[in-house]
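Comments concern the structure below.
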There are 2 protein chains.
Amino acid sequence: MNKDLILLGHGSGGKLSHQLLDDLIIPTLSSIPQAGQNDAAVLDHGGVRLAFTTDSYVVEPIFFPGGNIGSLAVNGTVNDLAMMGARPLFLSAGLIIEEGFSRIELGKILATMRQAADSAGVRIVTGDTKVVPRGKADRIFINTSGVGAIEHGLTITGAGAKVGDKVIVNGTIGDHGIAVLAKREGLELETDIQSDCAALNGLVAEILAEGEAIHVLRDPTRGGVATTLKEIALQSAVTITLTETALPLQGAVKGVCAILGLDPLYVANEGKLLAFVAPEAAERTLQRMRRHPLGKEAAIIGEVTAAGAGRLQLETAVGGVRAVEMLAGEQLPRIC
Amino acid sequence: MNKDLILLGHGSGGKLSHQLLDDLIIPTLSSIPQAGQNDAAVLDHGGVRLAFTTDSYVVEPIFFPGGNIGSLAVNGTVNDLAMMGARPLFLSAGLIIEEGFSRIELGKILATMRQAADSAGVRIVTGDTKVVPRGKADRIFINTSGVGAIEHGLTITGAGAKVGDKVIVNGTIGDHGIAVLAKREGLELETDIQSDCAALNGLVAEILAEGEAIHVLRDPTRGGVATTLKEIALQSAVTITLTETALPLQGAVKGVCAILGLDPLYVANEGKLLAFVAPEAAERTLQRMRRHPLGKEAAIIGEVTAAGAGRLQLETAVGGVRAVEMLAGEQLPRIC
């Protein structure tokens, strides 16, 4: 492994991504300490609190069951804003298109973006289109950046987890990653696995009704639930214990993971969130989530069991406890 | 020409770009009418006026005399905010990197981004890194989005040009495009042509001291001075007349253009702006600009000569007048 080169794993969202961020990108570009890393930046300007975030989407294939690169780009950025407790307001759309790409496919993707934006209640207000010669990009890449308003006094960050907090997920895990992988590899499945790609801002608004009991919100995209929880454990300096039997998992996703040797804890989600909630409000929050269309299968999957250490551990189905680390290399490239 | 495919010219910033925007992208993604198109969107939120903009950078080569893709990405987005009369505040950085790209080159690019941001007085506050397999992108693409504050009551838009306005440019034209082209093609020049890549927000602040006399500000990037002025002529429904002999042009740039059959009016700039100024304030504005390091060679290059028609015309050195249209196809791909 040549240390001077960028590897696929540097884009995985896992350990190598974090190393690149911590060693090179963040110290060079900004002065935000690692503990300050969140899905979006929070900015104060003129007495208004704004959240600002960006993501580029390079998913392959660009059309997959349950969505396409366009819905992914809109929902992903909406979700990054929502995870900061912000109300998403405005999006930008930056297109990089390979020469020879189909206008019809472009039209379909743009229509999906508009639909996703309308459905999430955000407006796409500015954009940019670049075209590169054939072979210099792979069909289409989309960047969306977003601005949202923080209209409450709560501080929702990855550093907010407290001992005793319950960890709630709003539904089955690994659906997006396996849907994209199955389509890419042409797997013939008995059950069609759909990506969970969805905008979570409506669900977040429900959850935030619990006020100060809500400590952390984060969407487990690249790197999956395990990597995201490990990040939060580090940011909050706590130990998080997951209960394997409590993890909601579709049978078909479980089957594909078993056959291909993938761990669903590391598979990307695009319509899931993890909420850290004070214990006295956990059951109420769970019920609120289950009343929302995107939270019907919400479940408590773990809790913050100790202070210190930045540890994530899993109580396995057979009663053991094992440490869980971030995704080390790259499990599934170009998943988002 | 297959009408169903995206062509290089669709990314030129010229006529094909406008067709794609007007026929497909804007009607699908948003409801902003063509006359509302500007370098950035202006948003009202909580009594605060914000400008929001995005641009992706795909320049090739990524290092060129006078800058690299990093300084271009920061300055370009700073300039789009400044052209709306906004004070640039916050930037995002979205990196798409090809597997195998050099960490050392990445470090150089990021350091340049930071330097450019510091020098323009903006902060890079959020980012994203994706890595795609070798051959699926060309080294590195960078998206920057930006948020700025509009702290005055002026309305600076492409629709604001008025009959009698003088058109001022802050220096020589075509430098960026020719610097990139010369490097890309390995042209051996006697004089090293440097890109004019620079942040224009400081210069804009000087210009805005003239208040309501400033009607339009725009940076003539892709498509060059001609395409930008034609856009403004259309948005403002006026006729603009340029004086060929007044156009500031470096000898070396003129020489390369002559040899390669390029028209400098269509060559990209990255540190130039066009200001439309009420006639009574034009001379004062020119003097203000000339006192600024980025405006030493500022010149009045034309004026708004009539209402209606959306025409751009050039009074040539030999005394004729000819119509000037937008860049039709793609003169220099991947210039920014």
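What follows is calculated from the coordinates using simple rules that are stated; it is not laboratory data. As the structure is a computational prediction, the values presented were derived from the model and not from experiment. Counting neighbours? That spans all protein chains shown, and the Cβs are built from the backbone with ideal geometry, glycine included.
At 7 Å along Cα-to-Cβ for each site, give me the label-to-label distance between B:GLU206 and B:GLN19 in nm.
4.1 nm
Over chain A, what is the percentage of antiparallel beta bridges among all DSSP beta bridges, to the nearest 5? Provide the component values of the computation, followed by the final result.
Working: 45 of 59 bridges.
Looking only at bridges with both residues in chain A, the antiparallel portion is about 75 percent.
What does the charge dipole of chain B about its Cα centre add up to, to the nearest 20 debye, if the Cβ of each Lys and Arg holds +1 and the Cβ of each Asp and Glu holds -1? Could you put the intermediate results ahead of the total?
On the way: 29 positive and 37 negative charges, 72 e Å.
Roughly 340 debye for chain B.
As I understand it, the dipole of the stretch A:166-323 uses +1 on the Cβ of Lys and Arg and -1 on the Cβ of Asp and Glu, about the Cα centre. Which of A:ILE214, A:LEU189, A:ALA268 lies farthest toward its positive end?
Looking along the dipole axis, the top candidate is A:ILE214.
Enter the mean number of other protein chain beta carbons within 10 Å of the beta carbon of each residue in A:44-51, as an integer. Walk me through the numbers on the way to the answer.
Working: counts 0, 9, 8, 3, 5, 1, 7, 1.
Per residue, the number of nearby Cβ atoms from other chains is 4 on average.
Using amide H atoms built in the peptide plane, which far-off residues or other-chain residues are under 5 Å from A:GLY302 H to H?
Long-range HN contacts for A:GLY302: A:VAL167, A:THR243.
How big is the antiparallel share of DSSP beta bridges in the stretch A:40-149, given as a percent to the nearest 5?
Details: 25 of 34 bridges.
The antiparallel fraction comes to roughly 75 percent.
About the Cα centre of the stretch A:218-267, what is the dipole size in debye to 20, counting +1 per Lys and Arg Cβ and -1 per Asp and Glu Cβ, all else neutral?
Values: 4 positive and 4 negative charges, 12 e Å.
In total the dipole reaches around 60 debye.
Taking the alpha-carbon centroid of each part, what is the distance from the stretch B:119-179 to the stretch A:290-318 in angstrom?
Value for the Cα centre distance between the two parts: 44 Å.
Which residue, A:GLY186, A:GLY46, A:GLY148, has the most motion in a Gaussian network model of chain A that connects Cα atoms within less than 10 Å?
A:GLY46
Step through the table entries B:LYS108/B:LYS254; A:LYS130/B:LYS3; A:LYS130/B:LYS254; B:LYS166/B:LYS296, compare each Cα-Cα distance with 20 Å, and write down the pairs that go over it.
On the way: B:LYS108/B:LYS254 31 Å; A:LYS130/B:LYS3 18 Å; A:LYS130/B:LYS254 27 Å; B:LYS166/B:LYS296 18 Å.
Listed pairs above 20 Å: B:LYS108/B:LYS254; A:LYS130/B:LYS254.
Which is farthest toward the positive dipole end of chain B among B:VAL169, B:ALA40, B:GLY94, measuring Cα position about the Cα centre, with Cβ charges +1 (Lys, Arg) and -1 (Asp, Glu)?
Of the candidates, B:GLY94 comes out farthest on the positive side.
Compute the label-point distances linking B:ARG284 to its equivalents in the other copies; points lie 7 Å from Cα along Cα→Cβ; give nm, one decimal, shortest first.
6.2
Please report the net charge: other residues with Cβ closer than 15 Å to the Cβ of B:VAL58, K and R +1, D and E -1. Mind showing how you got there, number by number?
On the way: positive: A:LYS130, A:ARG134, A:LYS136, A:ARG139, B:LYS130, B:LYS136, B:ARG139, B:ARG184, B:ARG222, B:ARG334; negative: A:GLU98, A:GLU99, A:ASP128, A:ASP138, B:ASP55, B:GLU60, B:GLU98, B:ASP138, B:GLU270, B:GLU330.
Counting the neighbours of B:VAL58, the net charge comes to 0.
For the stretch A:166-323, just say rounded, prolate or oblate: build the C-alpha gyration tensor, square-root its eigenvalues into a ≥ b ≥ c, call rounded for a/c under 1.5, and beyond that prolate if a/b exceeds b/c, oblate if not.
Working: a/c = 1.97, a/b = 1.31, b/c = 1.50.
Oblate.
About its Cα centre, how strong a charge dipole does the protein assembly as shown have in debye, to the nearest 20, once Lys and Arg get +1 and Asp and Glu get -1 at the Cβ?
On the way: 58 positive and 74 negative charges, 28 e Å.
The calculation lands at about 140 debye.
Considering only DSSP beta bridges whose two residues both sit in the stretch A:87-155, what percent are antiparallel, to the nearest 5?
Values: 10 of 19 bridges.
Roughly 55 percent of the DSSP beta bridges within the stretch A:87-155 come out antiparallel.
Below 11 angstrom from the Cβ of A:GLY302, what's the summed charge of the other residues (Lys, Arg +1; Asp, Glu -1)? Mind showing how you got there, number by number?
Working: positive: A:LYS166; negative: A:ASP165, A:GLU244, A:GLU303, A:GLU315.
Summing Lys/Arg as +1 and Asp/Glu as -1 gives -3.
If packing is taken as the mean number of other Cβ atoms within 10 Å per residue, what is the order of B:86-97, B:240-251, highest first?
Details: B:86-97: 25.5, B:240-251: 16.9.
Those peptides, ordered most packed to least, come out B:86-97, B:240-251.
Amide H to amide H, which residues 5 or more places from B:ARG49 or on other chains are under 5 Å from it, using H placed in the peptide plane?
Hits under the 5 Å cutoff: B:ILE150.
Which of the lysines could a cross-linker bridge to B:LYS162, judged by Cα under 25 Å and excluding same-chain residues fewer than eight apart?
Straight-line reach from B:LYS162, under 25 Å: B:LYS15, B:LYS230, B:LYS272.
Report, in order of residue number, the helices in chain A meeting two criteria: a C-alpha extent of 27 Å or more along the helix axis, and a mean Kyte-Doolittle hydropathy of at least 1.6; treat each whole DSSP H run as one helix. Write out the running numbers ahead of the final one.
Working: long enough: none.
Helices meeting the criterion: none.
Quick check on chain B: take the gyration tensor over C-alpha atoms, sort the square-rooted eigenvalues as a ≥ b ≥ c, and tell me if it's rounded (a/c under 1.5), prolate or oblate.
Numbers: a/c = 1.39, a/b = 1.21, b/c = 1.15.
In terms of gyration-tensor shape, rounded.
What percent do you get for the relative contact order of chain B when only Cα pairs under 8 Å and 6+ apart count?
Working: 772 pairs, mean separation 83.3, N = 336.
After rounding, I find 25 percent.
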